[in-house]
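I have placed the structure first, in the form of structure tokens, so that the comments after it can refer back to it.
The values are calculated or read from the model by the stated rules, or taken from the named source; none is laboratory data. What you see is a predicted model; the values in this text were computed from it and never measured. Every residue, glycine among them, receives a Cβ derived from its backbone with ideal geometry; neighbour counts consider all protein chains shown.
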Amino acid sequence: MGTMIENGYLALPESGSGPAVIVIQEWWGLVGHITDVVDRFAAAGFVAFYPGASWERHAPQWANFAGKAALIHCAQADGTSAAPGIQEALHEITAAGGSAKAYDYEGTQHAFFNNDRPEVYSELAAALAWERTLEFFLQALS
């Protein structure tokens with residue numbers, strides 16, 4: 001179980017340490033779904049920070065992706081990986097010298113991973129996205 005910290009939420013694995021991930025999702029802020037995701041990362045062996053930062057400070061600085069990797073999960077209703085914003089991210093990350101992979105989830109709505117929103121949640125797509133995310137982090141952060 002994680003802990004509220006100033007402007008965020010922190011969860012540690014049982015061992016007390018591990019590779020770190022920052023959880024940033026949607027714009028709803030620190031809601032139950034986010035604390036659940038952070039706690040799930042900790043259960044999988046990661047130190048996980050949901051930062052209480054404004055969206056204005058989340059604008060991507062593409063040059064910072066040099067030598068780094070990104071994973072993007074795309075809902076069908078959002079236009080899949082063919083959407084202009086996703087195509088821009090994929091292009092800019094690789095142009096900066098990073099690597100990027102996008103996965104499309106057929107039949108999904110925006111926020112399909114959010115199990116607190118039954119009207120859009122897709123259990124199968126969310127499970128696959130979680131599996132792919134853990135595999136990505138284990139490879140990238142090990």
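The table that follows gives values for the structure above.
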{"quantity": "Filter pass, ILE72 being in a strand (DSSP E or B), of a type outside the set (Asp, Glu) and at pLDDT 90 or above", "calculated": "yes"}
{"quantity": "Pairs with Cβ under 6 Å, 6+ apart, first in the range 108-122 and touching a residue at least 24 places away in the same chain (Cβ under 8 Å), second of a type in the set (D, E, K, R)", "calculated": "HIS110/ASP78; ALA111/ARG117"}
{"quantity": "Selection within the range 23-53 - surrounded by fewer than 16 Cβ atoms within 10 Å (Cβ to Cβ), at pLDDT below 85 and in contact with a Pro (Cβ under 9 Å, 6 or more places away or on another chain)", "calculated": "ILE24"}
{"quantity": "Positions within the range 65-100 being under 16 Å from ALA125 (Cβ atoms) and among the charged types (D, E, K, R), in sequence order", "calculated": "ASP78"}
